[in-house]
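A short worksheet on the structure shown next.
The values are calculated or read from the model by the stated rules, or taken from the named source; none is laboratory data. Please read all numbers here as calculations on a predicted model, not as lab measurements. As a convention, Cβ positions derive from the backbone with ideal geometry for all residues, glycine included, and neighbour counts pool all protein chains shown.
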Amino acid sequence: MGYRLAEQNGESVAVPRLVFAHLARADGDTIRAALYLLGGGGTDPRTMARDLGMPSIEAAKRAMQYWAGAGLLVSDRDAPLPKTEMQKASAIDLTTLNDPYVSVLCEEAQTAFGKALSRTEMQRLVSLYLNDGWQPDVVLLCCAEVARQGRRTVGALSRELLKWRDAGVETGEDAERYLKQQAQRESWCIESAALFGIAPAQLSRWERGAIARWHEDWRFGADMIEEALLRADNHRTVRYVDGILRSWYAQGLTTVSAVRGQGQLAGSNILTTGAKPAAPKTDLFQTNWNDVFDDDTEG
């Protein structure tokens, strides 16, 4: 039975060829996110996740990070502070403010940064509280975090808070939960990098996002990553392994025993022989994932 395109019955949206170029390597959520964005859906991750039925807000964020890396979106994360915000900050007269939180912010921020702040920097700092609506405890938690990263400036603080707001951080509890999540992701990256035989610093932004997806969305642990590496042969890259894990997840294979139950590798021949077992003709696990995922391309 053949098919042909039906006549258009409504408004159409132009889809850049860039999106088509990524059809083979992007997953379903990522493609749907692109169509959602092109259709005017907006870039709020909460709204996108709800409208598209994504498994989490993080899935929506990763989809947008993917398209920012591909060139479909432009990230304003590292953009300089808008002029209007600078004007608001410069209008603050620190000497006339009768708010105890202002002095606490200035003192604690200087302690966290390990240096004295200029008048302009303190105005920008206080503006985050008075004009941008950040709670003082959240600002100070963020001060400690950027200082830990070695970025001891109010500008770095402002940009980090933008990331936090995108992540849904509003309160001190939100901030602590977010920092805990980031620490967990870093732990996963360290663990996974060791499995791949590389240093964590060598992981690209896309690769870090993929590792987070394995654990958070697909609920795969180190045992499944190791199992995928057994099938990767000489293609021991994050992108190649991502293709294998994606196939397993799509087929509902969520444990090593379930994977081995498909006739791939038994525990006995994994440990006692280096010979590669014969694969069935329909064995999807023996697919050459380099044909699907380009190892040299970062999405």
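Could you list, in sequence order, the residues of the stretch 1-23 that are outside any helix (DSSP H, G or I), touching a residue at least 12 places away in the same chain (Cβ under 8 Å) and either hydroxyl-bearing (Ser, Thr, Tyr) or under 26 Å from Ala250 (Cβ atoms) (or both)?
Taking the stretch 1-23 as the starting set, the residues that turn out to be outside any helix (DSSP H, G or I) are 1-16, 22-23.
Now drop any that are not touching a residue at least 12 places away in the same chain (Cβ under 8 Å), which leaves 13-16, 22.
The answer is Val15, His22.
From (1) touching a residue at least 40 places away in the same chain (Cβ under 8 Å); (2) more than 26 Å from Gly69 (Cα to Cα), pick out the condition that doesn't hold for Tyr240.
It is condition (2) that Tyr240 fails.
Please give the number of the condition Arg151 fails out of (1) out of contact with any Pro (no Cβ under 8 Å at 6 or more places or on another chain); (2) under 30 Å from Ser247 (Cα atoms).
Going through (1) out of contact with any Pro (no Cβ under 8 Å at 6 or more places or on another chain); (2) under 30 Å from Ser247 (Cα atoms) one by one, Arg151 breaks only (2).
Between residues in the stretch 146-160 that are outside the structural domain of Ser118 (by TED's automatic domain parsing) and within 11 Å of Leu128 (Cβ to Cβ) and residues that are surrounded by 13 or more Cβ atoms within 10 Å (Cβ to Cβ) and of a type in the set (Gly, Ala, Ser), which pairs lie under 8 Å by C-beta distance while being six or more apart or on different chains?
Between residues of the stretch 146-160 that are outside the structural domain of Ser118 (by TED's automatic domain parsing) and within 11 Å of Leu128 (Cβ to Cβ) and residues that are surrounded by 13 or more Cβ atoms within 10 Å (Cβ to Cβ) and of a type in the set (Gly, Ala, Ser), there is no close pair.
Filter the stretch 125-145 for residues that are in a loop (DSSP other than H, G, I, E, B) and either surrounded by fewer than 19 Cβ atoms within 10 Å (Cβ to Cβ) or outside the structural domain of Leu105 (by TED's automatic domain parsing) (or both) and give the result. It would help to see each step written out before you state the result.
Here is the first cut: in the stretch 125-145, the ones in a loop (DSSP other than H, G, I, E, B) are 131-135.
Asn131, Asp132, Gly133, Gln135 - these are the residues of the stretch 125-145 that are in a loop (DSSP other than H, G, I, E, B) and either surrounded by fewer than 19 Cβ atoms within 10 Å (Cβ to Cβ) or outside the structural domain of Leu105 (by TED's automatic domain parsing) (or both).
Look through Lys115, Lys180 and report the one residue that is within 30 Å of Glu216 (Cα to Cα), among the basic types (Lys, Arg), modelled with pLDDT of 90 or more and not assigned by TED's automatic domain parsing to the domain that holds Lys61. Steps first, please.
Values: Lys115 fails: within 30 Å of Glu216 (Cα to Cα).
One residue alone meets the criteria, Lys180.
Restricting the stretch 193-236 to residues that are among the aromatic types (Phe, Trp, Tyr) and in a helix (DSSP H, G or I), which is surrounded by the most Cβ atoms within 10 Å (Cβ to Cβ)? Walk me through it before giving the result.
First, pick out the residues of the stretch 193-236 that are among the aromatic types (Phe, Trp, Tyr): 196, 206, 214, 218, 220.
Then drop every residue that is not in a helix (DSSP H, G or I), which leaves 196, 206, 214.
Details: Phe196: 18, Trp206: 19, Trp214: 24.
So, considering only residues that are among the aromatic types (Phe, Trp, Tyr) and in a helix (DSSP H, G or I), the one surrounded by the most Cβ atoms within 10 Å (Cβ to Cβ) is Trp214.
Any residue at all in the stretch 192-201 that is over 22 Å from Asp223 (Cβ atoms) and touching a Cys at 6+ places or on another chain (Cβ under 9 Å)?
No, because not a single residue in the stretch 192-201 is over 22 Å from Asp223 (Cβ atoms) and touching a Cys at 6+ places or on another chain (Cβ under 9 Å).
Take the residues of the stretch 167-183 that are touching an Asp or Glu at 6+ places or on another chain (Cβ under 9 Å) and assigned to a helix (DSSP H, G or I): which is farthest from Ala49 (Cα to Cα)?
Keep residues of the stretch 167-183 that are touching an Asp or Glu at 6+ places or on another chain (Cβ under 9 Å), which gives 167-168, 171-172, 175, 179, 181-182.
Add one more test, that the residue is assigned to a helix (DSSP H, G or I), and what stays is 172, 175, 179, 181-182.
Numbers: Gly172: 24, Ala175: 21, Leu179: 21, Gln181: 19, Gln182: 20 Å.
Only one residue tops the list, namely Gly172.
Looking only at residues that are in contact with a Phe, Trp or Tyr (Cβ under 9 Å, 6 or more places away or on another chain) and part of a helix (DSSP H, G or I) in the stretch 146-156, which one is surrounded by the fewest Cβ atoms within 10 Å (Cβ to Cβ)? Spell out the reasoning first.
So the first thing to find is which residues in the stretch 146-156 are in contact with a Phe, Trp or Tyr (Cβ under 9 Å, 6 or more places away or on another chain), and the list is 146-147, 152-154.
When the remaining residues are screened for being part of a helix (DSSP H, G or I), the result is 146-147, 154.
Values: Val146: 21, Ala147: 19, Val154: 23.
Taking the candidates together, the pick is Ala147.
Which of the following residues is among the small types (Gly, Ala, Ser) and either in the same structural domain as Lys163 (by TED's automatic domain parsing) or surrounded by fewer than 14 Cβ atoms within 10 Å (Cβ to Cβ) (or both): Ala14, Ala33? Walk me through how you get there before you give the answer.
Details: Ala33 fails: either in the same structural domain as Lys163 (by TED's automatic domain parsing) or surrounded by fewer than 14 Cβ atoms within 10 Å (Cβ to Cβ) (or both).
Only one candidate qualifies: Ala14.
Just a yes or no: is a residue in the stretch 24-39 among the basic types (Lys, Arg), in contact (Cβ under 8 Å) with a residue 40 or more places away in the chain and either in contact with a Cys (Cβ under 8 Å, 6 or more places away or on another chain) or farther than 14 Å from Gly209 by Cβ (or both)?
Step one: list which residues in the stretch 24-39 are among the basic types (Lys, Arg), which gives 25, 32.
Narrowing further to those that are in contact (Cβ under 8 Å) with a residue 40 or more places away in the chain: 25.
Of the ones still in play, those that are also either in contact with a Cys (Cβ under 8 Å, 6 or more places away or on another chain) or farther than 14 Å from Gly209 by Cβ (or both) are none.
Scanning the stretch 24-39 turns up no residue that is among the basic types (Lys, Arg), in contact (Cβ under 8 Å) with a residue 40 or more places away in the chain and either in contact with a Cys (Cβ under 8 Å, 6 or more places away or on another chain) or farther than 14 Å from Gly209 by Cβ (or both).
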